[in-house]
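The values are calculated or read from the model by the stated rules, or taken from the named source; none is laboratory data. It should be emphasised that the depicted structure is a prediction, and the values quoted were computed from it without experimental measurement. Here the Cβ positions follow ideal geometry from the backbone for every residue, glycine too, while neighbour counts run over all protein chains shown. Heads up: the accessible areas ignore ligands, DNA and RNA and are worked out on the full protein's heavy atoms, side chains in. Shrake-Rupley method; radii C 1.70, N 1.55, O 1.52, S 1.80 Å.
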Amino acid sequence: MPESQDTVWLTQEAYDKLTQELAHLKGEGRTEISKKIAEARSEGDLSENGGYHAAREEQGQAEARIIQLDHMLRNAQVGEKPAGSHKVVPGSKVTVCYFGDKSDTDTFLLGSREMMGLDDSVDTPVYSPQSPLGAAVLDLEIGATASYSAPNGKTIEVTVLDVAG
């Protein structure tokens, strides 16, 4: 699949977990929510039925997540960074310095949040390859410098100090 603005970079593990989540939401998840709605509906007056409204809210959130997962998986590019590569590719953990100042560094993952195996405890910042910083460093090698425009309009210069898989 050619890369586009919508491409979502995922590890095979993340892709598999998202596929399982989608299958659960479309199958058992929908069935469970339908049962909750039916049970709450059988209690009578819906205007004052907190259980009914909570179940309908849960249904709306589940359907929104199904749409999000469908889009993400449809646009997924599954892959791993080649071992021993010093080039910034999706899936890389990248360390950069700003304006050549090696005391002003940032380390981040180039990819999508789902690349981290859906583990919210990981606190590494994530930049997509389509973000200004991500696009600037994509395909650069260690030691290379690039510039990008920050949202405030200022030009930021970054130098790649390290690339890890």
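Can you tell me which residue in the stretch 59-76 is farthest from residue 18 (Cα to Cα), limited to those that are of a type in the set (S, T, N, Q) and modelled with pLDDT of 90 or more? Let's see the steps before the verdict.
Quick first cut of the stretch 59-76, residues of a type in the set (S, T, N, Q) only: 59, 61, 68, 75.
Subset that is modelled with pLDDT of 90 or more: 59, 61.
On the way: 59: 19, 61: 16 Å.
Per the criteria, the residue is 59.
When the stretch 93-126 is filtered for residues that are hydroxyl-bearing (Ser, Thr, Tyr), at pLDDT 80 or above and surrounded by 14 or more Cβ atoms within 10 Å (Cβ to Cβ), the ones remaining, listed by number, are 95, 98, 105. If you go through the stretch 14-58 and keep only what is within 26 Å of residue 111 (Cβ to Cβ), at pLDDT below 90 and aliphatic (A, V, I, L, M), you end up with 14, 18.
Contact annotation: residue pairs with Cβ atoms under 7 Å, 6 or more positions apart or on different chains, pairing a residue in the stretch 90-102 that is on the phi > 0 side of the Ramachandran plot and without any contact (Cβ under 8 Å) to a residue 60 or more places away in the chain with a partner that is open to solvent by 30 Å² or more (accessible area, probe 1.4 Å) and outside any loop (DSSP other than H, G, I, E, B), are 99/157.
Output yes when any residue across the stretch 129-149 is at pLDDT below 85, assigned to a loop (DSSP other than H, G, I, E, B) and surrounded by fewer than 19 Cβ atoms within 10 Å (Cβ to Cβ), and no when none is. Yes: one or more hits. Pairs only if they're at least six apart or on different chains, beta carbon under 7 angstrom, first in the stretch 151-165 and farther than 16 Å from residue 86 by Cβ, second modelled with pLDDT under 90 and not acidic (Asp, Glu); list them, first residue then second. If the second residue must be modelled with pLDDT under 90 and not acidic (Asp, Glu), the pairs left are 156/150.
Scoring residue 83 on the criteria (1) in contact with a Gly (Cβ under 7 Å, 6 or more places away or on another chain); (2) open to solvent by 40 Å² or more (accessible area, probe 1.4 Å); (3) modelled with pLDDT of 85 or more leaves a single failure, condition (3).
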